Amino acid sequence: MIPAAFEYHRPDTIDGAIKIISEHGDEARVIAGGHSLIPMMKLRMADLSHLVDLQEISELKGIILECQSVTIGAMTTQHELITHEELAKVAPIINEAALQIADPQVRYMGTIGGNVANGDPGNDMPGLMQCLDADYILVGPNGTRTVKARDFYEAAYFTAREEEEILTSITFNSPVGGYAYEKQKRKIGDYATAAAGVLITKEGGKCTHASIALTNLADTPIYCEEAVAILTGSDLSADVVEAATVAAVNASDPGEDNRGPIEFKKHAAKIVIRRAIERAIERA
Amino acid sequence: MSKMHIKMKVNGEEVETLAEPRELLIHVLRERLDITGPHIGCETSHCGACTIDMDGKSVKSCTVFAAQANGKDITTIEGLGDPDNLHILQEMFKEHHGLQCGFCTPGMITRAHRLLQENPNPTEDEVRFGMAGNICRCTGYQNIVKSILAAANEMNAAKEAAQ
């Protein structure tokens, strides 16, 4: 379990990191918390000869709360997300989801940037960010651009990020109303068998805004447009919740793996999605 | 690939060693620095036997490169207590049979130490949640949880007595 040799870099600015990546092209990879990349390197599934450690880049750290928006630096760890009291008030769904990621040790190291940028369908933050309609800020040699979380994921481990770009931060509007991130996993530290993030806003008995996204139920996270359309404008009755749940399950496309066959995944997905919708309605 | 100079503070002492960047921190601690308290269980960041404290965080040292740890302040089980002067957690693990084979214990105690630093008065549920990254294959966890809760009580009592 020893990875292949590489040269190690620890730049202290984003520009410095991009210079190294541009110089070495696909031979270089950035490392954030390393808890996805190092296991892949040990298995020799990640092949690189230059490792660019982002830990010293202070521009990539921190959580900024403005009146309507939240900006989270890519190198912010799950532990920092969980223990940030103001963030827990403004966006409690982040806290609820982050607490269900991996285990305490991994959460001290694992970062939100690594979690969303890696493109692993098992990661929880991509689905959550689609639920929140977050924007990802990418910086490369040609400047800065923004990609919506809902447009970022192309296939497992393939994203809209170009090789010489770094995902530097994530930004989203502070969510209002009810929320829930529901996850079924076999054991602590495992990825989700099925997970769903839901936001619901209610006014005068009607749903004025809804959002649903799924984790690990396809090669990419899934934003469930049809289910959202069913909920939005409805009275959120039991029939509506059932219809939205079915629509979300139909939007999923899980594969068979050691967590079970496709039918089982869809069965778990249906339970998880319904619970998430119901809990979000309760809290709305 | 050339070796790099790694400087760390380990258990309060400045140490320097040469290591390839790809060497894992657990290997550098055990094989280059002769600090064999942290164990290698799964080497895949699941079991927690290699848990150390790095800059105030509980970290699985099998999933950190030596190069990443350059400049860090590290505490291992050796830094918490020694046979003549056991840490209260070690004392309580002994008292409450918190171990059988003992292989997971250094990681358990190092993790529990950080947990109690952050939450000096945890509930049983909080202990179980906070210890979820450490696996024991002997004890069924009951006595580990009991040991940690007892250590929390002792530490709080000692703090109160001091005031």
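The values are calculated or read from the model by the stated rules, or taken from the named source; none is laboratory data. In this text the structure is predicted, and so the values were computed from the model without any measurement. Backbone-built Cβ (ideal geometry, glycine too); neighbour counts: all protein chains shown. Each accessible area value is taken on the protein alone, full model and side chains, heavy atoms only, with ligands, DNA and RNA left out. Shrake-Rupley method; radii C 1.70, N 1.55, O 1.52, S 1.80 Å.
Observations
- From A:Ala88, A:Ala160, A:Ala155, residue being free of Cβ contacts under 8 Å to residues at least 12 places away in the same chain, surrounded by fewer than 24 Cβ atoms within 10 Å (Cβ to Cβ), closer than 26 Å to A:Tyr191 by Cα and outside the structural domain of A:Val198 (by TED's automatic domain parsing): A:Ala88
- Candidates in segment B:9-29 are the residues that are more than 14 Å from chain A (Cβ to nearest Cβ) and of a type outside the set (S, T, N, Q); of these, the one that is farthest from A:Ala5 (Cα to Cα) is B:Gly12.
- For segment A:188-200, filtering for residues that are touching a Pro at 6+ places or on another chain (Cβ under 9 Å) and either aliphatic (A, V, I, L, M) or within 15 Å of A:Val240 (Cα to Cα) (or both) leaves 2.
- Checked against the criterion of being closer than 30 Å to A:Glu23 by Cβ, over 11 Å from the mean Cα position of the chain (by Cα) and surrounded by 20 or more Cβ atoms within 10 Å (Cβ to Cβ), segment A:126-135 contains one or more residues that satisfy it.
- Residue match in segment B:64-73 (condition: under 21 Å from A:Ser36 (Cβ atoms), more than 8 Å from chain A (Cβ to nearest Cβ) and under 14 Å from the mean Cα position of the chain (by Cα)): no
- Residue in segment B:55-64 that is free of Cβ contacts under 8 Å to residues at least 12 places away in the same chain and among the small types (Gly, Ala, Ser) present: no
- Condition check for B:Ile40: open to solvent by 20 Å² or more (accessible area, probe 1.4 Å) and within 14 Å of another protein chain (Cβ to nearest Cβ): yes
- Flag for A:Ala247 being small (Gly, Ala, Ser), surrounded by 21 or more Cβ atoms within 10 Å (Cβ to Cβ) and modelled with pLDDT of 95 or more: no
- Yes/no for A:Asn95 being at negative phi, within 14 Å of chain B (Cβ to nearest Cβ) and open to solvent by 30 Å² or more (accessible area, probe 1.4 Å): yes
- Matching residues in segment B:10-37 - criterion: being exposed (fewer than 15 other Cβ atoms within 10 Å of the Cβ) and either part of a strand (DSSP E or B) or touching a residue at least 24 places away in the same chain (Cβ under 8 Å) (or both): B:Gly12, B:Glu13, B:Glu14, B:Glu16, B:Leu18
- Matching residues, segment B:144-163, being surrounded by fewer than 19 Cβ atoms within 10 Å (Cβ to Cβ), among the polar types (S, T, N, Q) and part of a helix (DSSP H, G or I): B:Asn153, B:Asn156
- Only residues that are open to solvent by 30 Å² or more (accessible area, probe 1.4 Å) and not in a loop (DSSP other than H, G, I, E, B) were counted in segment A:163-176, giving 2.
- Some residue of segment A:105-118 being without any contact (Cβ under 8 Å) to a residue 24 or more places away in the chain and either surrounded by fewer than 17 Cβ atoms within 10 Å (Cβ to Cβ) or of a type outside the set (Lys, Arg) (or both): yes
- In segment A:32-51, the residues that are more than 11 Å from every other protein chain (Cβ to nearest Cβ) and open to solvent by less than 20 Å² (accessible area, probe 1.4 Å): A:Ala46
- Pairs are defined by a Cβ separation below 7 Å, a sequence spacing of at least 6 or placement on different chains, a first member in segment A:17-43 that is farther than 18 Å from A:Asp190 by Cβ and assigned by TED's automatic domain parsing to the domain that holds A:Val116, and a second member that is open to solvent by 20 Å² or more (accessible area, probe 1.4 Å) and assigned to a helix (DSSP H, G or I); no pair meets this definition.
- Taken together, the residues in segment A:204-219 that are at pLDDT below 95 and open to solvent by 50 Å² or more (accessible area, probe 1.4 Å) amount to 1.
- Residue in segment A:57-80 that is surrounded by fewer than 19 Cβ atoms within 10 Å (Cβ to Cβ), closer than 30 Å to B:Ile40 by Cβ and modelled with pLDDT of 95 or more present: no
- Of all residues in segment A:148-158, exactly one satisfies the criterion of being within 20 Å of A:Ile21 (Cα to Cα) and either part of a strand (DSSP E or B) or among the acidic types (Asp, Glu) (or both), namely A:Phe158.
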